[in-house]
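Asks: What follows is a single structure, and I will ask about it in a moment.
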Amino acid sequence: MKTVLLAPLDPVHDNAVKLLKRRLDEAGYQALTMPPGTTVEEVVEKALAVHPAAILVSRTLGYKVAETLGQLVDLAEASGLRETTRLGVGGMAITKETGAELGFDGTFVGALNIKEVIAFIEGRQGVLEEDHSAQVQRPKPDVVAGHTYAWKDRKIEALLDTITDQILDWTKGKTSDGIQRALIRTEMLEAGVAHRASPQSPVRQRLLEKYLSFCDAEIQAAYQEGKLPSGVRPLDQAEIDRLPERLAGGHFEFQPLRHVGDKPLFFAQYGTGCPVMDVVHIKTTEAWGADGVLHFDPSWGAQREGLLQGHLTHEHDGTILTLENLSFIRQHMEAPTLWNVRGHRGLNTPETQVLAHAAGADLLKINIPYGGTAGGTDPERLTVDGVFALRLAAQYGLPFDIPGNDELSGVPPHKTFAGLLIMMMLGLKLGARPIPKPLLCYSPHMTIYGHMDDNMVDMNVAKLAVWQEIVDTPVWPGEPVGFMTHTPDRVQSAVTTANHAALAASMGVSAMTFASSDEAYSKGPISVPARVDTLRAVRESLRFLGSAHFQPTPAAQRMQAQLHLGITAVLEKIAQRGDFVASIYEGLLGDQEDGLYPGRTGRGTVRAE
């Protein structure tokens with residue numbers, strides 16, 4: 001056991017020394033402390049008696065800093081201590097420059113970093129490089145770990161079993177252009193000819209011609225004539241080549257946003273339109289403690305038959321889905337960072353899963369009821385494509401999340417949750433691992449019916465707690481938490497995100513998604529400082545909360561019971577109807593009064609295989 005001598009070179013202040021002693025004792029060191037007002041002569045005398053591996057001194061007061069610390073260094077040199085003992089200094093009055101100028105072996109500024117202190121005591125050089133190695137070796141977290149998917153509500157389980165059997169039976173023998181493109185993309189990947197830069201071989205030419213036969217004229221023109229959609233241009237090679245230089249020296253020690261425990265995991269959404277800018281935002285979120293990121297594509301991409309190719313940038317929100325863009329973004333992430341690619345709501349849902357998997361995604365995103373209504377895609381088309389996409393998720397072994405963002409249209413949560421549960425059971429039957437994503441938001445339904453007039457806690461607690469009494473599943477509030485509570489005030493926006501994050505964390509969720517503090521109003525590029533606003537606010541909120549929990553009030557319990565009854569009633573109607581697609585068209589999962597309409601894109605495009 002190594003001995004470390006701790007001494008406050010202040011007349012009264014020794015709180016930092018007491019804290020450091022506790023942390024070093026916990027790490028297995030013998031930490032000896034000296035009282036406030038200790039002189040440098042007494043420190044050296046004590047060190048000669050106990051032979052410590054290191055002496056760590058603190059200085060809070062600013063007067064005579066250089067004189068006092070310089071005396072310690074000189075006496076340590078004269079006594080021969082420097083041959084066996086390292087000298088370290090820290091405290092409010094200390095800067096890196098001061099410590100180096102005075103001859104200390106190590107200088108510590110800012111909040112206590114016990115790993116850095118231990119590395120100093122052990123005489124390890126290159127702390128930053130070592131910490132970066134530790135970052136690379138950090139295991140990739142698992143959102144679904146610890147959950148069995150065992151059903152607790154047997155009535156709901158039986159209803160879902162009936163509904164999903166009907167869906168799987170209805171989709172048998174049906175296909176679409178989207179499915180055919182996914183199959184061709186898979187062939188191209190297996191043949192090594194999927195990238196734009198792939199050699200122009202007969203195999204690539206044949207498969208590409210076949211692929212384009214299932215695409216819209218606009219996508220065909222991009223491949224055949226180089227005519228890109230409005231607002232889209234290729235990235236210059238110089239823009240791509242400059243990125244590694246700009247990221248150089250940016251290694252960091254990962255510090256999670258969580259104060260305690262391994263969950264929840266935190267995800268930031270990105271989609272600036274430019275892959276280079278996306279990487280900058282991703283590296284920022286990684287450095288500030290996010291566990292993962294979500295790729296958002298332009299909404300118009302979901303309404304086209306076919307995906308583009310190459311490194312492309314886009315002047316509006318959403319980064320274009322191409323194999324090159326996705327691969328470029330993935331290669332610049334830290335290895336443990338979880339990556340989710342959105343592809344749940346449009347005509348390219350199956351193909352998006354293929355490209356995301358090929359580029360290294362860890363999670364997929366699929367929700368038929370939302371995509372078939374608020375997402376704008378025809379329910380019949382997305383049901384066929386969505387089931388195929390779920391089979392891909394199972395084949396790839398990738399969990400898929402199910403966003404509940406149809407609440408933003410005005411759909412009451414019990415209808416949204418019924419749709420999430422149907423998707424859950426579908427995924428489980430096909431061998432996939434689903435993650436429902438109830439939305440913690442100030443939705444139109446909450447506004448109109450006054451469910452959050454008094455507070456935003458009770459309903460959100462009810463929305464999370466109801467899942468715990470239905471099924472043992474991971475729950476991931478998103479996308480993002482606090483939706484529709486944000487304003488153009490960045491402080492307010494960061495605070496409301498942090499409040500929702502703390503509430504969700506106290507309810508034991510597995511993960512959550514948050515936005516930057518300017519995302520609700522920017523109408524343009526999302527700024528990096530605004531991302532840091534939210535990350536810092538969430539960290540402080542979780543530090544404040546720690547292991548404490550919110551307890552459901554009687555009002556929250558009543559809301560939870562009403563939600564449970566409402567979910568069951570919706571599933572009963574869909575099971576009785578006997579036709580899932582018709583149920584969406586007829587508004588059983590959200591109707592015109594709720595602000596929801598069946599999607600129209602892709603109508604009439606489902607055909608027999």
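The values are calculated or read from the model by the stated rules, or taken from the named source; none is laboratory data. From a predicted model like this one, the values you see are computed outputs, not experimental measurements. Quick reminder, even Gly has a Cβ in these numbers, built from the backbone with ideal geometry, and neighbours come from all protein chains shown. We work out accessible area using only protein heavy atoms, side chains counted, and drop any ligands, DNA or RNA first. Shrake-Rupley method; radii C 1.70, N 1.55, O 1.52, S 1.80 Å.
Asks: Could you count how many residues in the stretch 204-217 are more than 12 Å from GLN309 (Cβ to Cβ), among the hydrophobic types (A, V, I, L, M, F, W, C) and open to solvent by less than 60 Å² (accessible area, probe 1.4 Å)?
Replies: 2
Asks: I've got another one for you. Given the conditions (1) at pLDDT 95 or above; (2) touching a strand residue (DSSP E or B) at 6+ places or on another chain (Cβ under 9 Å); (3) closer than 26 Å to GLN557 by Cβ, which single one is not true for LYS415?
Replies: Tallying (1) at pLDDT 95 or above; (2) touching a strand residue (DSSP E or B) at 6+ places or on another chain (Cβ under 9 Å); (3) closer than 26 Å to GLN557 by Cβ, LYS415 fails exactly one: (2).
Asks: Looking only at the stretch 68-112, which residues are in contact (Cβ under 8 Å) with a residue 24 or more places away in the chain and of a type in the set (S, T, N, Q)?
Replies: Scanning the stretch 68-112 gives THR68, GLN71, SER79, THR84, THR85, THR98.
Asks: Looking only at the stretch 1-16, count every residue that is among the hydrophobic types (A, V, I, L, M, F, W, C) and either open to solvent by 80 Å² or more (accessible area, probe 1.4 Å) or within 16 Å of PHE120 (Cα to Cα) (or both) and tell me the total. Show your work before the answer.
Replies: Just the residues of the stretch 1-16 that are among the hydrophobic types (A, V, I, L, M, F, W, C), to begin with: 1, 4-7, 9, 12, 16.
Retained after the next criterion (residues that are either open to solvent by 80 Å² or more (accessible area, probe 1.4 Å) or within 16 Å of PHE120 (Cα to Cα) (or both)): 1, 4-6, 12.
Selection size over the stretch 1-16: 5.
Asks: Of the numbered conditions (1) farther than 27 Å from THR337 by Cβ; (2) modelled with pLDDT of 95 or more; (3) open to solvent by less than 50 Å² (accessible area, probe 1.4 Å), PRO264 satisfies every one except a single condition; which is it?
Replies: (1)
Asks: Residues of the stretch 344-376 being at pLDDT below 95, touching a Leu at 6+ places or on another chain (Cβ under 7 Å) and within 21 Å of LEU189 (Cβ to Cβ), which ones?
Replies: ILE366
Asks: So, in the stretch 472-493, exactly how many residues are in contact with an Asp or Glu (Cβ under 9 Å, 6 or more places away or on another chain), among the small types (Gly, Ala, Ser) and either assigned to a loop (DSSP other than H, G, I, E, B) or open to solvent by 10 Å² or more (accessible area, probe 1.4 Å) (or both)?
Replies: 1
Asks: Would you confirm, using the coordinates I've provided, whether TYR211 is among the aromatic types (Phe, Trp, Tyr), in contact with a His (Cβ under 8 Å, 6 or more places away or on another chain) and touching a residue at least 12 places away in the same chain (Cβ under 8 Å)? Write out each step before concluding.
Replies: Working: among the aromatic types (Phe, Trp, Tyr): yes; in contact with a His (Cβ under 8 Å, 6 or more places away or on another chain): no; touching a residue at least 12 places away in the same chain (Cβ under 8 Å): yes.
No.
Asks: I'd like the residue in the stretch 97-120 that is over 30 Å from the mean Cα position of the chain (by Cα) and polar (S, T, N, Q) and, out of all such residues, is modelled with the highest pLDDT.
Replies: THR107
So that you can scan it fast, the table gives a plain yes or no per residue for (1) closer than 17 Å to PRO412 by Cα; (2) in contact with a Pro (Cβ under 7 Å, 6 or more places away or on another chain):
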site	(1), (2)
MET507	no, no
MET512	no, yes
ARG531	no, no
THR534	no, no
PHE550	no, no
ALA556	yes, no
MET559	yes, no
ARG577	no, no
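Asks: Return the pairs, sorted by first residue and then second, in which the second residue is part of a helix (DSSP H, G or I), the first residue lies in the stretch 218-237 and is open to solvent by 70 Å² or more (accessible area, probe 1.4 Å), the beta carbons are less than 8 Å apart, and the residues are 6+ apart or on different chains.
Replies: GLN224/LEU212; LYS227/ALA221
Asks: What about GLU130, is it within 35 Å of the chain's Cα centre (by Cα), farther than 30 Å from MET333 by Cβ and either at pLDDT 90 or above or open to solvent by less than 70 Å² (accessible area, probe 1.4 Å) (or both)? Steps first, answer last, please.
Replies: On the way: within 35 Å of the chain's Cα centre (by Cα): yes; farther than 30 Å from MET333 by Cβ: no; either at pLDDT 90 or above or open to solvent by less than 70 Å² (accessible area, probe 1.4 Å) (or both): yes.
Criteria not met by GLU130.
Asks: Looking at the stretch 34-58 only, could you name the residues that are open to solvent by 70 Å² or more (accessible area, probe 1.4 Å) and without any contact (Cβ under 8 Å) to a residue 40 or more places away in the chain?
Replies: Pass one, the stretch 34-58, residues open to solvent by 70 Å² or more (accessible area, probe 1.4 Å): 35, 41-42, 45-46, 48-49, 51.
Those that are open to solvent by 70 Å² or more (accessible area, probe 1.4 Å) and without any contact (Cβ under 8 Å) to a residue 40 or more places away in the chain: PRO35, GLU41, GLU42, GLU45, LEU48, ALA49.
Asks: Being within 30 Å of GLN255 (Cα to Cα) and modelled with pLDDT of 95 or more is true for just one of GLU540, GLU519. Which residue is that?
Replies: Details: GLU519 fails: modelled with pLDDT of 95 or more.
From the options GLU540, GLU519, the qualifying one is GLU540.
Asks: Can you tell me which residues in the stretch 70-96 are in a strand (DSSP E or B) and not aliphatic (A, V, I, L, M)? Reasoning before the result, please.
Replies: To start, the set of residues in the stretch 70-96 that are in a strand (DSSP E or B) comprises 86-90.
Once the filter is applied, which keeps residues that are in a strand (DSSP E or B) and not aliphatic (A, V, I, L, M), the stretch 70-96 yields ARG86, GLY88, GLY90.
Asks: Considering each residue of the stretch 538-560, count those that are small (Gly, Ala, Ser), more than 14 Å from ALA505 (Cα to Cα) and either in contact with a strand residue (DSSP E or B) (Cβ under 9 Å, 6 or more places away or on another chain) or loosely packed, with under 14 Cβ neighbours inside 10 Å (or both), and give that number.
Replies: Pass one, the stretch 538-560, residues small (Gly, Ala, Ser): 541, 546-548, 555-556.
Next, from what is left, pick out any that are more than 14 Å from ALA505 (Cα to Cα): 555-556.
Applying the additional criterion that residues be either in contact with a strand residue (DSSP E or B) (Cβ under 9 Å, 6 or more places away or on another chain) or loosely packed, with under 14 Cβ neighbours inside 10 Å (or both) yields none.
Adding up the residues that qualify gives 0.
Asks: So, restricting to helices (runs of 4 or more DSSP H) that lie completely within the stretch 356-431, which ones have at least 3 residues that are among the β-branched types (Val, Ile, Thr) and either more than 18 Å from GLY566 (Cβ to Cβ) or touching a residue at least 12 places away in the same chain (Cβ under 8 Å) (or both)? Please lay out each step first, then the result.
Replies: Values: elements: 368-371, 379-396, 413-429.
Here the list reads 379-396.
Asks: Regarding ALA47, is this residue part of a helix (DSSP H, G or I), small (Gly, Ala, Ser), in contact with a strand residue (DSSP E or B) (Cβ under 6 Å, 6 or more places away or on another chain) and at pLDDT 95 or above?
Replies: Criteria met by ALA47.
Asks: Still on this structure: Quick check on the stretch 428-471: of everything there that is in contact with a strand residue (DSSP E or B) (Cβ under 9 Å, 6 or more places away or on another chain) and open to solvent by 40 Å² or more (accessible area, probe 1.4 Å), which residue is nearest to PHE550 (Cα to Cα)? Write out each step before concluding.
Replies: Keep residues of the stretch 428-471 that are in contact with a strand residue (DSSP E or B) (Cβ under 9 Å, 6 or more places away or on another chain), which gives 428, 432-437, 439-443, 460, 467, 470-471.
Still in the running and open to solvent by 40 Å² or more (accessible area, probe 1.4 Å): 428, 433, 442.
Details: LEU428: 31, ARG433: 28, TYR442: 19 Å.
Taking the candidates together, the pick is TYR442.
Asks: Give ASP142, ASP161, ASP169, ASP165 a once-over and let me know the one that is assigned to a loop (DSSP other than H, G, I, E, B) and open to solvent by 60 Å² or more (accessible area, probe 1.4 Å).
Replies: Values: ASP161 fails: assigned to a loop (DSSP other than H, G, I, E, B); ASP169 fails: assigned to a loop (DSSP other than H, G, I, E, B); ASP165 fails: assigned to a loop (DSSP other than H, G, I, E, B).
Testing whether each residue is assigned to a loop (DSSP other than H, G, I, E, B) and open to solvent by 60 Å² or more (accessible area, probe 1.4 Å) leaves just ASP142.
Asks: Could you tell me whether THR319 is assigned to a loop (DSSP other than H, G, I, E, B), open to solvent by less than 10 Å² (accessible area, probe 1.4 Å) and touching a residue at least 24 places away in the same chain (Cβ under 8 Å)?
Replies: Values: assigned to a loop (DSSP other than H, G, I, E, B): yes; open to solvent by less than 10 Å² (accessible area, probe 1.4 Å): yes; touching a residue at least 24 places away in the same chain (Cβ under 8 Å): yes.
Considered against the rule, which asks whether it is assigned to a loop (DSSP other than H, G, I, E, B), open to solvent by less than 10 Å² (accessible area, probe 1.4 Å) and touching a residue at least 24 places away in the same chain (Cβ under 8 Å), THR319 comes out as yes.
Asks: So which helices (runs of 4 or more DSSP H) stay within the stretch 498-609 end to end and still have 2 or more residues that are without any contact (Cβ under 8 Å) to a residue 60 or more places away in the chain and within 26 Å of GLY318 (Cβ to Cβ)? So that I can check it myself, show each step before the final result.
Replies: On the way: elements: 528-545, 554-577, 580-585.
Fully inside the stretch 498-609 and qualifying: 528-545.
Asks: Could you please let me know if GLU83 is surrounded by 13 or more Cβ atoms within 10 Å (Cβ to Cβ), out of contact with any Cys (no Cβ under 8 Å at 6 or more places or on another chain) and closer than 23 Å to VAL117 by Cβ?
Replies: In short, no.
Asks: Mind listing just one residue for me: the one in the stretch 386-414 that is under 20 Å from CYS441 (Cβ atoms) and surrounded by fewer than 24 Cβ atoms within 10 Å (Cβ to Cβ) and, of those, nearest to the chain's Cα centre (by Cα)? Even if it seems obvious, please write down each step before you answer.
Replies: Filtering the stretch 386-414 for residues under 20 Å from CYS441 (Cβ atoms) gives 401-414.
Filter once more, keeping what is surrounded by fewer than 24 Cβ atoms within 10 Å (Cβ to Cβ): 405, 408-410, 412, 414.
Values: ASN405: 17, LEU408: 21, SER409: 24, GLY410: 26, PRO412: 26, HIS414: 26 Å.
The selected residue is ASN405.
Asks: Tell me which of these LEU75 doesn't satisfy, since it passes every other one: (1) touching a Ser or Thr at 6+ places or on another chain (Cβ under 6 Å); (2) farther than 30 Å from PRO256 by Cα; (3) open to solvent by 40 Å² or more (accessible area, probe 1.4 Å).
Replies: Unmet for LEU75, out of (1) touching a Ser or Thr at 6+ places or on another chain (Cβ under 6 Å); (2) farther than 30 Å from PRO256 by Cα; (3) open to solvent by 40 Å² or more (accessible area, probe 1.4 Å): (1).
Asks: Kindly provide the set of residues from the stretch 448-467 that are more than 16 Å from ILE567 (Cβ to Cβ), of a type in the set (A, V, I, L, M, F, W, C) and assigned to a helix (DSSP H, G or I), ordered by number.
Replies: Once the filter is applied, which keeps residues that are more than 16 Å from ILE567 (Cβ to Cβ), of a type in the set (A, V, I, L, M, F, W, C) and assigned to a helix (DSSP H, G or I), the stretch 448-467 yields ILE448, VAL461.
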